[in-house]
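> One structure coming up, written as C-alpha cells, with questions to follow.
The values are calculated or read from the model by the stated rules, or taken from the named source; none is laboratory data. Note that the coordinates shown come from a computational prediction; the quantities given were computed from them, not determined experimentally. Because the Cβ atoms are built from the backbone with ideal geometry, glycine has one as well, and the counts that use them run over all protein chains shown. Quick note on the areas: whole protein, heavy atoms, side chains included, nothing else; ligands and nucleic acids left out. Shrake-Rupley method; radii C 1.70, N 1.55, O 1.52, S 1.80 Å.
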Amino acid sequence: MRVNMTVNGEQRQADDVWEGESLLYVLRERLGLPGSKNACEQGECGSCTVYLDAVPVCACLVAAGQAQGREVRTVEGLADGDRLDPVQQSFVDAGAVQCGFCTPGLVVAAHDLLDRVPEPSDEEIREALAGNLCRCTGYEKILDAVKLAATRGADA
Amino acid sequence: MEFLRPATLPEALSVKAERPGAVPIAGGTDVMVELNFDHRRPEALLDLTGIAELAEWSAEDGTVRLGAGVPYTRLIEQLGKRLPGLAMAARTVGSPQIRNRGTVGGNLGAASPAGDTHPVLLATGATIEVASVRGTRTIAAEDFYLGVKRNALEPDELITAVNLPDTKAPQQFSKIGTRNAMVIAVCSFGLALHPEQGRVGAAIGSAAPTPRRSRAAEDFLSGELTDAGLWESPEPLRDSVCRRFGELVAEGTEPIDDVRGSAAYRKHALSVLARRTLGWAWQEYRAGERSCA
Ligand SMILES: Cc1cc2nc3c(=O)[nH]c(=O)nc-3n(C[C@H](O)[C@H](O)[C@H](O)COP(=O)(O)OP(=O)(O)OC[C@H]3O[C@@H](n4cnc5c(N)ncnc54)[C@H](O)[C@@H]3O)c2cc1C
Ligand code: FES
Ligand code: FES
C-alpha cells in the first residue's frame, strides 16, 4: 500500500508498504530517516520515539497505515538547519551521549517534557523519561542534560 | 494482509461483519508487538483510530461513557477527578509513550489477566458497550472476562465504550511491580466505595486466570459497614475488619508461580494491598463526610 504523511514539515510518500509494517520501518528504511533507532520493536526502550500529531509515541508500535495523512516529527526535525535544538545541544554539552543509540528517543521525550513543563522537577524528568532505556550513561548525565536545557530555555 | 481504515463506526461494523478475521487495532501497543515478532499474521488490520466517536467521552445522569479509543493520557488529564480509580490504574501503564497510544478498549480486547484497568472496571461495576451490525449490547465487566486472554466479544463485535459511575466516592488502585514504571503487574487490586448502595466493590488482577471480583471480601465488608451504621457516621475501621477483608481477598485468588512472583507471594501481597487501599479509601471517605457535615 501507499502511505502519505507529513514528515518534519514535508509531504512524503512511501510506496509498497507492507500492511503490517511499523511507522519506524517506513521512516528508517523507506524515507531515509535513520535518526529514530530500532532496538526492541516492543515499546520497551523508547529509542524509536517520534511525535505523531505532536504526541510522543513509539514509532515501532504505530502501524504504518495509521500514520496516513498525519504529521510526524522525528529527531531530524528538531534541529534548525545546522543549529541544534537546545535539548540536543544540552545532551552534547552535559556529556549525556555515549554510544548515542538511545539519544534520539531521549531527546524527543525530553523535548516534549520541556514543551509541557518548562521547569520540571527531578521526579517529573524521571517519570517523563521512564520509557527510554540507556545502556551506557547511568542516566545521571541525561538528567543533567534535561536540567541544563530547562535553564537555557528559561534564559532564552 | 490488508489495511482497512473505516471512517465511521457503522462502516467499521459492516467491515467486521464481513471480515470477522480482521484484527482491530487501536493504540497498537499490544497488536504491533505481536506483528513485529511474527506471532500473528492476521488477514487484515482494522484501524480504529480514524473513528472520531470512539475517541470521545461524555458524562450524563451519573455515568461516564468512555469511548473505547480514548488514550490513557487523555483519560488521566481529563477524567482524573471523575474516574479516580481508572485514572490511577492508567497512570501505572507502561510509559508516557505507551499511555499516549494505549486505550481501555485495547486493554479489554487483549483481556490479559494482568491488564491494569480490569480490577477497577470490576470494582466500580463498569459495563462494557459492544456493537455489531446486529445492534448494541452491554456486558457487565464481571461477565466480560472468560479465560486467559479470552473475552465475551463475538467475532463480528467491536468494543465501543465503557460506562462507569460518575461519583465522588473514593476509589483506589494498587499494583505490585518490580519498579515504578514499565512493568506488568505481579498482582493488582482495585477498590471502590459505593456509599449510596451501601456496598464495596473489590477485584484482583494477575492472581487468577482472569481478573475477578473478590466477592466474599466485598460481602463481608459491605455487611460490616452497613450493620455498624458506618456509612452514615464513618468511624475509623477496626483493625480486625481490615485484616479479615485482606484475608478474604487472598482466599479468593488462584495465583500461579511464574517468573514474576510465586503464588504464595501474590496471595500475601494481595491481602496487604486490600488492607492498605481500604485504609486509604476509608480515610478519604471520612474526611469527605466530615467536610460535608
Ligand atoms: C512496553 C509496554 C508496556 C505495557 N505496560 C502495560 C501495563 O503496565 N499495564 C497494562 O495493562 N498493559 C500494558 N501494556 C499493554 C497495552 O499497552 C495495553 O493492553 C493497552 O491498553 C492496549 O491498548 P491499545 O489501544 O494499544 O490496544 P491494541 O494493541 O490496539 O489492541 C489490543 C487488543 O484489543 C483489540 N481491540 C482494540 N480495540 C478494540 C475495540 N474497540 N473493539 C474490539 N477489540 C479491540 C485488538 O484487536 C487487540 O486484540 C504494555 C504494552 C507495552 C508495549
Ligand atoms: S524500538 Fe520502539 S520502543 Fe524499542
Ligand atoms: S548512550 Fe548508549 S544507550 Fe544511551
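> From the backbone phi of region B:191-208, what are the Karplus-calculated ³J(HN,Hα) couplings (6.51 cos²θ - 1.76 cosθ + 1.60, θ = phi - 60°) in whole Hz, Gly and Pro given as x?
9, 9, 8, 10, x, 5, 9, x, 9, 10, x, 8, 7, 10, x, 6, 9, 6
> Also: Please find the FRET efficiency linking B:ARG276 to A:ASP82, where r is the Cβ-Cβ separation and R0 is fixed at 56 Å, and quote it to the nearest 0.05.
0.55
> Could you work out, for region A:86-155, what percent of all Cα-Cα pairs fall into each 5 Å distance bin, beginning at 0 Å and stopping at the bin that holds the largest distance?
Binned Cα distances yield the sequence 4, 20, 35, 28, 11, 3, 0.
> Take every Cα-Cα distance within chain B, group them into 10 Å bins from 0 onward, and report for each bin the whole-number percent of pairs it holds.
All Cα pairs, binned at 10 Å, distribute as 7, 29, 34, 21, 8, 2, 0 percent.
> What is the percent of Cα-Cα separations in the protein assembly as shown that go past 41 Å?
Roughly 21 percent, rounded to a whole number.
> Give me the mean projected area, in nm² to one decimal, of the convex hull enclosing the Cα positions of region A:11-156.
Averaged projected area of region A:11-156's Cα convex hull equals 8.6 nm².
> Roughly how many nanometres apart are two label points built 7 Å out from the Cα toward the Cβ at B:VAL259 and B:THR138?
In this crude label model, B:VAL259 to B:THR138 measures out at 4.2 nm.
> Sticking with this structure for a sec: Let me check I've understood the local charge: for B:LYS175, count other residues with C-beta under 13 angstrom from its C-beta, Lys and Arg +1, Asp and Glu -1. What total comes out?
Taking every other residue near B:LYS175 into account, the sum is +4.
> Over the protein assembly as shown, what percent of the accessible surface lies on carbon and sulfur atoms, probe 1.4 Å?
48 percent
> Taking the Cα atoms of region B:134-175, what is the range of coordinates along each of the three principal axes, in descending order and whole Å?
37, 26, 13
> Still on this model: What percent do you get for the relative contact order of region A:58-153 when only Cα pairs under 8 Å and 6+ apart count?
36 percent
> While we're here: Which of these, B:PRO209, B:PRO42, B:PRO234, has the largest mean-square fluctuation under a Gaussian network model of chain B (Cα springs below 10 Å)?
Maximum fluctuation in the GNM of chain B, among the listed residues, is at B:PRO42.
> Given a Förster distance of 35 Å, report the FRET efficiency between A:GLU123 and B:ASP166 from their Cβ-Cβ distance, rounded to the nearest 0.05.
Result of the calculation: an efficiency of 0.70.
> With a 1.4 Å probe and all protein chains kept in place, how do A:THR6, A:THR151 rank by accessible area, largest first?
Sorted by accessible area, descending: A:THR151, A:THR6.
> Separate question: Which of the residues in region B:1-45 show a loss of at least 40 Å² in accessible area from their chain by itself to the complete set of protein chains, at a probe of 1.4 Å?
By number: B:MET1, B:PHE3, B:ARG5, B:MET32, B:VAL33, B:ASN36, B:PHE37.
> Sticking with this structure for a sec: Taking every pair of distinct Cα atoms and averaging 1/r, then inverting, what Kirkwood hydrodynamic radius in Å comes out for region B:94-251?
One decimal place: 16.7 Å for the Kirkwood radius.
> By accessible area of protein heavy atoms, probe 1.4 Å, what ranking do A:ASP144, A:ASP82, B:ASP143 get, highest first?
My answer, sorted largest first, is A:ASP82, B:ASP143, A:ASP144.
> Name the most mobile residue of A:SER47, A:SER121, A:SER36, meaning the one with the largest mean-square fluctuation, in a Gaussian network model of chain A with Cα contacts below 10 Å.
A:SER121
> I've got another one for you. Between A:ARG135 and B:SER233, what is the FRET efficiency for a Förster distance of 56 Å, r being their Cβ-Cβ separation, to the nearest 0.05?
The pair A:ARG135/B:SER233 has a calculated efficiency of 0.45.
> A further question follows. So if I take the centroid of the Cα atoms in region A:1-77 and the same for region B:212-250, what is the distance between those two points in Å?
Taking the Cα centre of each part, region A:1-77 and region B:212-250 sit 51 Å apart.
> Hey, another quick one. Roughly what % of DSSP beta bridges within the protein assembly as shown run antiparallel, to the nearest 5?
Bridges in the protein assembly as shown are about 85 percent antiparallel.
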